[in-house]
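Here's the structure we're looking at; comments come further down.
Laboratory data are not the source of any read-out in this text; all were calculated from the coordinates shown. Small disclaimer: the values here were computed from a predicted structure and weren't measured. Cβ atoms come from the backbone with ideal geometry, glycine included; neighbour counts cover every protein chain shown.
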Amino acid sequence: MVEGVSAVAESTAEVVVVGAGPTGLTLAYELALAGVRTLLVEQLPRRVEQVKGGGIQPRTAELLDSRGLLEPLLRRAVPRDPVGGHFAALPVPLDCTPWRTRHPFPIAIPQWEIEEVLEERVVAAGARVLRGAAVSGVEPDADGVVVTADGLRVRARHLVACDGGHSTVRKLLGLPFPGRPGTHQAVLADIRLSAVSPLVPRQIGHMSSLTRRAGGHWAMLVPLGGDRYRITFGHAEQADTARDTPVTREEITAALHAVYGEQTVLGAVENSSRFSDATRQLEHYRVGRVLFAGDAAHIHSPLGGQGLNLGIQDAFNLGWKLAAAVQDRAPNGLLDSYHDERHPVAAQVLRHTSAQRVLADANPSEDVAALRDIVTDLLRLPDTNRHLAGLMSGLSLRYDLSGDHPLTGRRMPDADLVTDAGPVRPATLFGSGHAVLLDLARTVPAGLRLPPRVDLVRARCTEDLGATALLVRPDGYVCWAADGSAADGDALLAAVAGSLTTAR
């Protein structure tokens, strides 16, 4: 249920999640799905209806689909052209079809609507959501952590900070956030237009077609339906503007007129903010009983629509591991593997968004312009396009797990399966948040007693995956595979248990 601070003076929980953005909500849902008593604490009394990060990448779509969360989001999605994502806003769409996914295109949906759908599911799953509670104290010890938020004190076994780039939890613990400050600044605003020129886009297309430059400004105007738009814009004179300086109506009007003509008339400004391309990352995602996910752990240039997706994927990786640790079903090493697996992923995103920032410079030097031309040509090569499509979409991610099978560490292939009950999509097997032992050749011994929260599914695949059996983690990554006849039951059971509790 959603509560206010006055409803609870003192409480207990197994896990406290701080921050009700997409990362915190996804994590709270994963924990509640596993039966963990979860309290989600959010300082805002109500959700801000701001578009912000509004793009769901293909891999994130697959993960949401695996929990039955994608369909209600698709019903709220903003229409867009069926075109791939981008790298540095260069005019070559990224083609995800070689990665064999049912969701090859980014999905456009305002962030607040993503949060609304997720919060409904979080509450239905049994987690408590406490709004209007600003965290003011974090006291970890060997056995847990005490969280103080206004008039509330909560004792929990673990706390997870999902409270954004200016994380209060991170500051209370005095943790450094190494990296570099922003060098470029821009404005993001949700607006309504009372009149538009022919230059204003009518539907979301490839980013390269949405971005325009004129009069010293650059701007990207994204249609959201009716007279609503999201505008992102910048100007050289904004570089020294303080982040907390209010965005004026005159600023937005000047950008609209310069880039889209004076026929484009600003009707209303619903909300606005400034942002920069600051790039930072925590050195450790786990500090004793406190863990960090999403922007609380890493921030970067927003180019490529990576932030929201990186955070949601953090939550899917952490959720099942933290649940296992809380319920004493896993050794400590499993929880440590969250940092081991996700820190390198974010580090890679920081690197490639930094590279994109250079390539996407609104006023490129001759050298950068020449580099843009060369990279654009490279993007037209199938191998280069496939590589960057996999990188930007998340579909190519491979964790460094024990095991030599080619599928180990990769996402579960999105191939058609047929069970005794009929055809199924792989995504439908993970709605419970369990791991799945997929028996593709009837080689798993009958009556084998699997570890808790591991489901056995016997099916045949319509294509050869190069394996007779796969063990797929709750976050959709293969952690064990066999390509021959099954071993005896004890050996198979040991392989299954070991694969779910260890990482290389």
* **Extension gain, R213 back to V358 (0.36 nm per residue minus Cα-Cα distance, nm)** => 50.6 nm
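Cut-off is 10 Å between beta-carbons; in what order do S499, S393, S136 appear when sorted fewest neighbours first? Can you show the working numbers first?
Numbers: S499 21, S393 27, S136 13.
Ranking S499, S393, S136 by Cβ neighbours within 10 Å, fewest first, gives S136, S499, S393.
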* Asked: How far, in degrees from 0 to 90, does helix 307-326 lean away from the longest principal axis of the Cα atoms of the chain, to the nearest 10?
  -> 30
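Hey, any idea what Rg/Rh is for segment 76-133, computing Rh the Kirkwood way over Cα pairs? Before the final figure, lay out the partial values.
Details: Rg = 16.5 Å, Rh = 14.4 Å.
That ratio equals 1.15.
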* Report, in degrees rounded to the nearest 10, the 0 to 90 angle that the Cα long axis of helix 366-379 makes with the longest principal axis of the chain. => 40
* Output ³J(HN,Hα) for segment 422-439: one whole-Hz value per residue in order, computed from phi by the Karplus curve 6.51 cos²θ - 1.76 cosθ + 1.60 with θ = phi - 60°, and x for Gly and Pro. => x, x, 9, 8, x, 4, 6, 7, 10, x, 7, x, 8, 6, 10, 9, 9, 9
* Structure fact -> Residue separation between H166 and R46 times 0.36 nm, minus their alpha-carbon distance, gives in nm 41.3 nm
* **Ascending count of other beta-carbon atoms within 10 Å, so fewest first, for C162, C461** => C461, C162
* What shape does segment 91-236 take by its C-alpha gyration tensor, where a ≥ b ≥ c are the square roots of the eigenvalues and a/c under 1.5 counts as rounded, a/b above b/c as prolate, and the rest as oblate? -> prolate
* Mind checking the full-extension length gain between T248 and L456? Use 0.36 nm per residue of separation minus the Cα-Cα distance, one decimal, nm. => 69.1 nm
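Excluding the sites themselves, what is the longest stretch of the chain that contains no GluC sites (Glu not before Pro) in a DSSP loop with at most 12 other C-beta atoms within 10 Å?
Working: sites that count: E262, E283, E463.
The reported range is 1-261.
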* Could you please rank D244, D361, placing first whichever residue has the fewest other Cβ atoms within 10 Å of its Cβ? => D244, D361
* **segment 148-169 residues near the modelled E139 label - backbone nitrogen below 13 Å, point 7 Å along Cα→Cβ** => 148-149, 152-156
* Asked: Which entry is the computed Cα extents along the principal axes in Å for this structure: (i) 103, 53, 44; (ii) 77, 74, 47; (iii) 74, 58, 39?
  -> (iii)
* Amide H partners (placed H, <5 Å) of L224, local residues excluded -> Y229, R230
* Asked: Considering the Cα trace of segment 417-501, what is its radius of gyration and what is Dmax, both in angstroms?
  -> 11.9, 32
* Structure fact -> Helix 382-393: inclination vs the chain longest Cα principal axis, degrees, rounded to 10, gives 80
* Structure fact -> Dividing the helical contributions, -39500 (n - 2.57) per DSSP H run of n ≥ 4, by the residues of the chain yields a 222 nm value, nearest 500 deg cm²/dmol, of -9000 deg cm²/dmol
* **Area projected by the alpha carbon convex hull of segment 185-276, averaged over all directions, nm²** => 5.4
